[in-house]
Amino acid sequence: DDWIVNLGQVVTEFETNPVIKTDEQFQEERTQIFKEVEGALAENKLAESSLTAESKALTDNNNKIIDADKDYSRKTRELSNKRNSELQRLNGKIRELEDDIALQQQTKFGFFKFGDKKRAAEKLAQTNQNLVATKNELETTAQNFTAEQDKLHENYTKLKRELNEVSDRLHTDLERLENDTSILARQAACNALTQAVNNLLTRSSADSKNQ
């Protein structure tokens, strides 16, 4: 750290000044001050590395959210198209059966022979059964598509909630890491060194008077 180097040079110049006579207490205080500020700056350096990693993690997570939205939209659109196509097919089949029933009901009375009437009645009954079965299939199909859509939405909501929770946590971590604590550590070191120098000068002055 350039700041540490510059501060060390200033202190060295002070200590080598022939007018200044440092004592053991000053040297211990100076050593402790540099040890503490170097440790604080090293921790801040690690925090900066973590900041880069957290920023990348947040970007990756935001991309996952975008992908989840796109995937949900695509699957919802595909499911809707499939549902519309299938329901349209079944409704068309129902209309055909209903038209067929109406036609059979009109023509069955034109038969005079018992056998022909019987066969016509049996065919009409079968067509009615097919109509009921197709209507039941339509209802079941609609219910299945609704259940599938609900499941798709449930999975999407769960995934989005999890991804949003990760984003919230990463935002909190980034806000914490972006607070540069090195400024406080540098200021504290300067204050402590100033105090150590003043204490040294006070002791030197007292020693001079006592001599």
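The phi-based Karplus calculation (6.51 cos²θ - 1.76 cosθ + 1.60; θ = phi - 60°) puts the 3J(HN,Hα) values of the stretch 101-107 at 5, 4, 5, 5, 5, 6, 8 Hz, whole numbers, x for Gly and Pro. The calculated P(r) of the stretch 1-110, using every Cα pair and 5 Å bins from 0, goes 2, 8, 8, 8, 6, 6, 5, 5, 5, 4, 4, 4, 4, 4, 4, 3, 3, 3, 3, 3, 2, 2, 2, 1, 1, 1, 0 in percent.
Computed from backbone phi with θ = phi - 60° and the Karplus coefficients 6.51, -1.76 and 1.60, the 3J(HN,Hα) list for the stretch 152-162 is 4, 5, 4, 5, 5, 4, 5, 5, 4, 4, 5 Hz; x is used for glycine and proline.
Using helices alone, I'd like the mean residue ellipticity at 222 nm for the chain: each DSSP H run of four-plus residues gives -39500 (n - 2.57), total over residue count, nearest 500. So the calculated ellipticity at 222 nm is -34000 deg cm²/dmol. Evaluating 6.51 cos²θ - 1.76 cosθ + 1.60 at θ = phi - 60° for every residue in the stretch 54-67, the Karplus couplings come out as 5, 5, 5, 4, 5, 4, 4, 5, 5, 5, 5, 5, 4, 5 Hz, glycine and proline recorded as x. Projecting label points 7 angstrom from Cα along Cα→Cβ for Arg74 and Asn198 puts them 6.8 nm apart.
Heavy-atom accessible surface of the chain, averaged per residue, reaches 71 Å², computed with a 1.4 Å probe. Across the chain, the fraction of Cα-Cα pairs farther apart than 29 Å, rounded to a whole number, is 66%.
Surface composition of the chain: carbon plus sulfur atoms hold 52% of the accessible area, using a 1.4 angstrom probe and ignoring ligands, DNA and RNA.
Highest GNM mean-square fluctuation among Asp23, Asp71, Asp173, for the chain modelled with Cα contacts below 10 Å: Asp23.
Projecting the Cα atoms of Ala189, Leu152, Leu200 onto the dipole axis of the chain, where Lys and Arg carry +1 and Asp and Glu carry -1 at the beta carbon, places Leu152 farthest toward the positive end.
Taking Cα atoms only, the orientation of helix 2-16 departs from the longest principal axis of the chain by about 10 degrees.
How about Lys21: which aspartates and glutamates have a C-alpha closer than 16 Å to its C-alpha, ignoring those fewer than 8 places off in the same chain? Partners within reach: Glu13, Glu29, Asp207. Taking the Cα centre of the chain as reference, the dipole from Cβ charges on Lys and Arg (+1) and Asp and Glu (-1) amounts to some 2280 debye.
The values are calculated or read from the model by the stated rules, or taken from the named source; none is laboratory data. Here the structure is a predicted model, which is why all the values come from computation and not from measurement. Note: ideal-geometry Cβ built from the backbone for every residue, glycine included; neighbour counts use all protein chains shown. Areas reflect the complete protein model, heavy atoms only, side chains present, ligands, DNA and RNA absent. Shrake-Rupley method; radii C 1.70, N 1.55, O 1.52, S 1.80 Å.
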